[in-house]
Amino acid sequence: GVGLFVFFLVGVLQRENWAKTLAVVLGSVLVALHFTAGCGTIVTGSVVEAAEIWAPFPAHVALWVGVTFLERQLIFIAAGAGAWLIVCEGLHSELAYDDPGFLLWCPPLDGAILFLVGGALGVLRRIILFKAEKLVRTDKERYDALWGEIIADEEKRASLYYLNELLRMTGHDGEEEPRQFDRRRPAEEKLTFAASGPVRQVSLQSLKHQGHVTLAGTIDKLSPVTSLDQIYFQAAGANLFLIRKVQTWALAHRGLFPLQPAGPGGTRDSVPEYVLWEDAAGSEAVRRRIRWAGLKKVNRAIEKIVRSYANNVARLVDVCRQSIVFDSVADLTQCLGSIVQDEEIVVVRIKNRLDPAYESSSSAGYRNVLVNCRILTDDTKSMGLDTHVCEVQLLLRQLAVLKHDAGHSRYIAYRNERGE
């Protein structure tokens, strides 16, 4: 009753963001009280009381863990906890009465609600996922068929093996999820500044509070970015430097870039055109037609933060992104090697979707190599862009040509159905 009243009050006050905190606090209190009561039955030595107290305890702990850490699996945890409470009530009736009979036992209200609501939501979730998969089934089959042709080629298969070996040897085959972090701050208590008069001492603590003192080229993993405005401000600047970088890598490894549709009759849903950067670099007219990726749309960024990142802004690492297309796996692999060895690049994570062991159902069959990195140059350091994590997509032309506006629209619908 207290819990329901508190959640009702939260809704009236329009403080929905408090709901999880309150649920965790109330769940912690419930588990603590339940544990204390259970310890008391050990002292009394009553078997029936012990069974009554301890039997439902795992269900309450499971619900607390689900609310606190496993929100995406909460409906299944709730259904399982409800089933456990119903079983516990039946066992309690059997222990409490010598001849209970069928009419003396009925499911507990909390267990029945959890089981029915959790089970219904679980079934509904499976139906929605099935509908989502149906939306992109044709596209996935096309991607999978083309991928089958790629790995059937012995030369390409060897290049894919070398790609995996490159990731393994460079230590980029099992990295943790990247984050956006702020710079570190110096540890000294005092900073000395040269002034027109005598040298004066300035308290570092006062400057720290104003955020003026940071160490360029460093990140503080205890200080994640919490502002979406900051991420977009940095991304807008970093994008200019990223474009220069992908141009350099493309020139060295026969990389291609997509072109804007030519003429008034061209549409983005037609077969895409690509141009080698070595051919485009010398032609102003061709360079103007190259379709560089823009920053991620703000609405999509907010969707991703809420749906997939539990409101953690620091997990958004693809606002600034560019892509390079290749005709061969060998060129793509060599380009990846250049990125890893680039002294002005800090690779944060590499996600290899060209690994034959990769389960492509999560990306609707689409495959590429994603490189999250930071750009460390004198210019990015002076502009405060050195901490920003960007994304570089390395694509195979055979797969990229299948990705067009109609297919992408279906993928967006698929993603929305899945709540991603």
Review point. Looking only at region 286-300, which residues are surrounded by fewer than 16 Cβ atoms within 10 Å (Cβ to Cβ), part of a loop (DSSP other than H, G, I, E, B) and basic (Lys, Arg)?
Key: Arg291, Lys297
Exercise for review: State the number of residues belonging to region 346-371 that are touching a helix residue (DSSP H, G or I) at 6+ places or on another chain (Cβ under 8 Å) and either among the small types (Gly, Ala, Ser) or open to solvent by 40 Å² or more (accessible area, probe 1.4 Å) (or both).
Suggested key: 7
Practice item. Determine whether Asp327 is of a type in the set (Asp, Glu), touching a His at 6+ places or on another chain (Cβ under 6 Å) and modelled with pLDDT of 95 or more. Key: no
Practice item. Would you mind stating whether Tyr162 is within 30 Å of Leu376 (Cβ to Cβ), modelled with pLDDT of 70 or more and not in a loop (DSSP other than H, G, I, E, B)? Key: yes
Exercise for review: For region 227-244, indicate whether the set of residues that are part of a loop (DSSP other than H, G, I, E, B) and either touching a residue at least 12 places away in the same chain (Cβ under 8 Å) or open to solvent by 30 Å² or more (accessible area, probe 1.4 Å) (or both) is non-empty.
Suggested key: yes
Review point. For residues in region 301-310 being outside any helix (DSSP H, G or I) and touching a residue at least 40 places away in the same chain (Cβ under 8 Å), which is surrounded by the most Cβ atoms within 10 Å (Cβ to Cβ)?
Key: Ser308
Review point. If only one of Val325, Val317 is assigned to a loop (DSSP other than H, G, I, E, B), closer than 27 Å to Lys140 by Cβ and among the β-branched types (Val, Ile, Thr), which one is it?
Key: Val317
Revision key, fill the gap. For Thr333, the lone unmet condition from (1) β-branched (Val, Ile, Thr); (2) under 22 Å from the mean Cα position of the chain (by Cα); (3) within 18 Å of Thr248 (Cα to Cα); (4) open to solvent by less than 30 Å² (accessible area, probe 1.4 Å) is (2)
Point to revise | Flag for Glu343 being open to solvent by 20 Å² or more (accessible area, probe 1.4 Å), closer than 30 Å to Tyr161 by Cβ and in contact with a helix residue (DSSP H, G or I) (Cβ under 8 Å, 6 or more places away or on another chain) | key: no
Review point. Taking the condition closer than 19 Å to Arg72 by Cβ and aliphatic (A, V, I, L, M), does Ala293 pass?
Key: no
Exercise for review: Can you give me the number of residues within region 372-399 that are under 21 Å from Tyr274 (Cβ atoms) and either modelled with pLDDT under 90 or in a strand (DSSP E or B) (or both)?
Suggested key: 6
Review point. For Trp18, which of the numbered conditions (1) closer than 22 Å to Ile113 by Cα; (2) surrounded by 12 or more Cβ atoms within 10 Å (Cβ to Cβ); (3) modelled with pLDDT under 80 fails to hold?
Key: (1)
Exercise for review: Hey, can you tell me all the residues within region 338-357 that are in a loop (DSSP other than H, G, I, E, B) and within 17 Å of the chain's Cα centre (by Cα)?
Suggested key: Arg353
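Let's see how each residue does on (1) closer than 30 Å to Ser308 by Cβ; (2) at pLDDT 80 or above; (3) open to solvent by less than 50 Å² (accessible area, probe 1.4 Å):
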{"site": "Val29", "(1), (2), (3)": "no, yes, no"}
{"site": "Val43", "(1), (2), (3)": "no, no, no"}
{"site": "Ala51", "(1), (2), (3)": "no, no, yes"}
{"site": "Trp54", "(1), (2), (3)": "no, no, no"}
{"site": "Leu63", "(1), (2), (3)": "yes, yes, yes"}
{"site": "Ile77", "(1), (2), (3)": "yes, yes, yes"}
{"site": "Gly82", "(1), (2), (3)": "yes, yes, yes"}
{"site": "Pro100", "(1), (2), (3)": "no, no, yes"}
{"site": "Leu104", "(1), (2), (3)": "no, no, no"}
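The values are calculated or read from the model by the stated rules, or taken from the named source; none is laboratory data. Keep in mind it's a predicted model, so treat the numbers as computed, not measured. So basically every Cβ, Gly included, is an ideal-geometry build from the backbone, and we count neighbours across all protein chains shown. To get the accessible areas, we keep the full protein, side chains included, count just its heavy atoms, and leave off ligands, DNA and RNA. Shrake-Rupley method; radii C 1.70, N 1.55, O 1.52, S 1.80 Å.
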